[in-house]
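Please read the structure below before turning to the comments.
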Amino acid sequence: MRNLIVVGFQGKHRASEVLGQLQDLQENWVLELDDAVAAYRTDDGRLRIDQSVNPTTKEGGAMGGVIGAMLGALLAAPFTGGASAAVAATAIGASAAGVGALGAAAGADDAANFKEMYGVSDDFVKQVGGLIQPGNSAVFAEIQTADGAAVAERFRGYGGTILRTTLAPEKAAKVQDTLRAR
């Protein structure tokens, strides 16, 4: 069963460290990480995404823009044969810009739709991010595992406070105790 857990930590980079370890657990087949985001709040109060397992809207837009620009340039190049270098460069540049803009829009939309349907949405991160104090961080993870105790044990003594979860209350309490254990 898929579970969402959001754990807040002291320090800006602790959540990124935890996310890296969750990714290691996934590589070792201990858990399936459907989506995860490490976020922190700057000292002046702004919420920042430090890392994301799946592309955020901004990352999807950037990736779509680059791919679109490359495709636009490749599509325009064959039609510039016989034209002067300046005319050819203008045609290729205009095509790259036009298709790049379409690619950026499609990439951003695709990333947003994926996160809304299957992962940790940007809106949820912003909503729960209100609980993160300046200078602190949180990891938002949507995971599936057959051995939740092994996953919790990996983070024994890491500290942190569960901010939100879909775990049953008794399981959430065990995870919280393990995080606080020394």
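Laboratory data are not the source of any read-out in this text; all were calculated from the coordinates shown. Since the model is a prediction, treat every value here as computed from it, not as a measurement. Virtual Cβ from ideal backbone geometry, glycine too; neighbours counted across all protein chains shown.
How do 2-12, 126-136 rank on mean C-beta neighbours within 10 Å, highest first?
Answer by packing, highest mean first, reads 2-12, 126-136.
Please compute the length gained on full extension between L131 and K171, using 0.36 nm multiplied by the number of residues separating them and subtracting their Cα-Cα distance.
Roughly 12.2 nm would be gained on extension.
If you stretched the chain out fully between R156 and A181, how much longer would it get, using 0.36 nm times the residue separation minus the C-alpha to C-alpha distance?
8.4 nm
What does the charge count around Q26 come to, taking other residues whose C-beta lies under 11 Å from its C-beta (Lys +1, Arg +1, Asp -1, Glu -1)?
Residues near Q26 contribute -4 overall.
Extension gain Q23-D147, at 0.36 nm per residue separation less the Cα-Cα distance, in nm?
43.1 nm
Provide the net charge surrounding Y40, with neighbours chosen by a C-beta distance below 9 Å and charges set as Lys +1, Arg +1, Asp -1, Glu -1.
+3
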